[in-house]
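S.K.: Here it is, the structure, as structure tokens.
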Amino acid sequence: MSPRRLFRVVAVTEACTWALLLVGMFLKYVTKTTEAVVSVGGMLHGIAFIAFLLTTIVVGQDQRWSFRRTVTGLASAIPPFFTIWFDLATERRGLLGDTWRLASEPASGGLEKPVSWLVRKPLQGLAAGVVAVAVLTGLALVAGPPSAETGPGPPTSGPPQQGASPSGDGSPAPYRPRHVPLGRLRRRDGGDGDRSGVAASEDGPAGPRGGSAVSAAGHASEPLGERGGRGAESGRVEELHRGVDLRKA
């Protein structure tokens, strides 16, 4: 088989596997009918892709391609159907001959020595090519495709958000009423007020100006505003009594 025919067969095969893979992707992601075509097409395309890369290196060394043309040939396997374009463009430039140069000429060194051995011993070269494709395909399968399923993980530190369960399983947190600690009523309007301890719950009914206070004995007292007013009146009465006592003295 001549270099031109070998390169064309491999280039067309790579393009056909690209078409099969695209059809499989359409059936999987657009119509969502089956995934079998993607699995088969992906495997065949991987084998054809590696075979095209090896063929490009072998033919390029035999036909004395430049480094730039060899790299262009390798890159043509990445976009769909570009291998056919590269094959036709290279043939028009006369860079694909009908005979193997290294079959009759001595190798100058570098990659030409192994390529010369492959060309002069076709059966051994074919077996070596099949083994190389199988090994590279196996390595690609072991490596696997890059994972695209990424997302934010569960929080590892910090307090739980409001309404979330402390366990972090997404279940709503149980209802727990919060209570204000016991304290003392402050003097309002200058009066002494009632200095007994009170406890108020945030979930209780709201009274006027902050709600009614509950005394430590458990009995409901008067609103805070009225209590402060009465405390101020009692303070003025005490001052009057003190004035009368001073006058008597």
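The values are calculated or read from the model by the stated rules, or taken from the named source; none is laboratory data. No experiment lies behind these values; they were computed from the predicted model shown. Virtual Cβ from ideal backbone geometry, glycine too; neighbours counted across all protein chains shown.
S.K.: Which is in a helix (DSSP H, G or I), among the basic types (K, R), more than 20 Å from V131 (Cα to Cα) and more than 37 Å from the chain's Cα centre (by Cα), of R69, R64?
M.R.: Just a single option satisfies the conditions, and that option is R69.
S.K.: Restricting the first residue to the range 17-29 and requiring it to be in contact (Cβ under 8 Å) with a residue 40 or more places away in the chain, which pairs with a second residue that is in a helix (DSSP H, G or I) and not aromatic (F, W, Y) meet a Cβ separation below 9 Å and a spacing of at least six or different chains?
M.R.: From the range 17-29, the pairs are W18/G41; W18/H45; W18/A48; W18/T83; A19/G41; L22/G41.
S.K.: Also: Exactly one of these conditions fails for V40: (1) under 23 Å from V130 (Cβ atoms); (2) not in a helix (DSSP H, G or I). Give me its number.
M.R.: (2)
S.K.: Looking at the range 73-96, which of its residues are surrounded by 14 or more Cβ atoms within 10 Å (Cβ to Cβ), in a loop (DSSP other than H, G, I, E, B) and either polar (S, T, N, Q) or more than 39 Å from the chain's Cα centre (by Cα) (or both)?
M.R.: Hits for the range 73-96 are S76, L95, L96.
S.K.: Additional query: Report every pair of residues separated by at least 6 positions or lying on different chains whose Cβ atoms are under 6 Å apart, first residue within the range 82-96 and modelled with pLDDT of 95 or more, second of a type in the set (G, A, S) and not in a helix (DSSP H, G or I).
M.R.: Close Cβ pairs satisfying both conditions: F82/S76; T83/S76; T83/A77; F86/S76.
S.K.: Take T13 and decide whether it is crowded, with 16+ Cβ neighbours inside 10 Å and within 25 Å of E105 (Cα to Cα). I'd like the intermediate steps shown before the answer.
M.R.: Details: crowded, with 16+ Cβ neighbours inside 10 Å: yes; within 25 Å of E105 (Cα to Cα): no.
When the stated conditions are applied, T13 does not pass them.
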